[in-house]
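Student: Structure incoming, see below.
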C-alpha cells in the first residue's frame, strides 16, 4: 500500500486510511492494520500536537478540564458552606448543574473523546441522562458506608467522581490527539 502522498503533508490517520482504501480498493481495516504495522516498524512517523499529557492539560486543549474542575470545586464548596441568601440561590443554581450535568458530561467526554462522534444536542442529552444514572449509584454506594447519605459525603463523592472521570477523559482526549496525525514517511 502506498502512503507516499503523506510524505510531504500532514493528514489525520482517518484521512490517510480512507484515502488509501479508496485508491487501492482494500478495506479500511486492512489499510489501518498496514499503517499500524508500518508505524511499529518505524517506516512512518506519527507526529503529535503535544509531547506529554501534562503539556496537553496545561495547553489550550485542557481548558475544558480546568473549567470542569473549577465548577466542581465551586459547586461542592457552595453545597457545603452557603447557607444564607444570596449565596443560597447560587448554591441551588450551581448545585443543579453539578448534580444533573457535570458527572454525565465528563463521562461522555471520556467515552467519546474525539468530539465529532456526537452532535452537541446528543452530547447534552447523554450528559443529563448519564448524570441521572450515575448520581443514584453514588447514593446507593454511600448508603452502605458508615458516612451515609448526607450532604457532605454526597458532595464529596460527586466531586471525587467528577474529578476522576474528568482526568480520565483528559487522558483519553490526549491519546486521541496523539494518534491523529500521520505526517512524514521515513
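Student: Could you pull the Cα extents of the chain along its three principal axes, largest to smallest, in whole Å?
Tutor: Taking the Cα atoms of the chain, the three principal extents are 67, 32, 29 Å.
Student: Treating the angle as unsigned and between 0 and 90°, give the value, to the nearest 10°, between the Cα long axis of helix 87-100 and the longest Cα principal axis of the chain.
Tutor: That works out to roughly 40 degrees.
Student: Quick check: the angle from helix 120-143's long axis to the longest principal axis of the chain, C-alpha only, nearest 10 degrees?
Tutor: Rounded to the nearest ten degrees, it is 50.
Student: I've got another one for you. Could you tell me the ratio Rg/Rh of segment 95-186? Both radii from Cα atoms, Rh via Kirkwood. All intermediate terms of the calculation are to be shown ahead of the outcome.
Tutor: Numbers: Rg = 16.3 Å, Rh = 14.5 Å.
On the Cα set of segment 95-186, Rg over Rh gives 1.13.
Student: Ok, one more. Taking only Cα atoms, what is the 0 to 90° angle, nearest 10, from helix 151-178's long axis to the longest principal axis of the chain?
Tutor: Tilt relative to the chain: about 10 degrees.
FYI, it's all coordinate maths here, none of it is from the lab. Everything numeric in this text was worked out from a predicted model, so none of it was measured.
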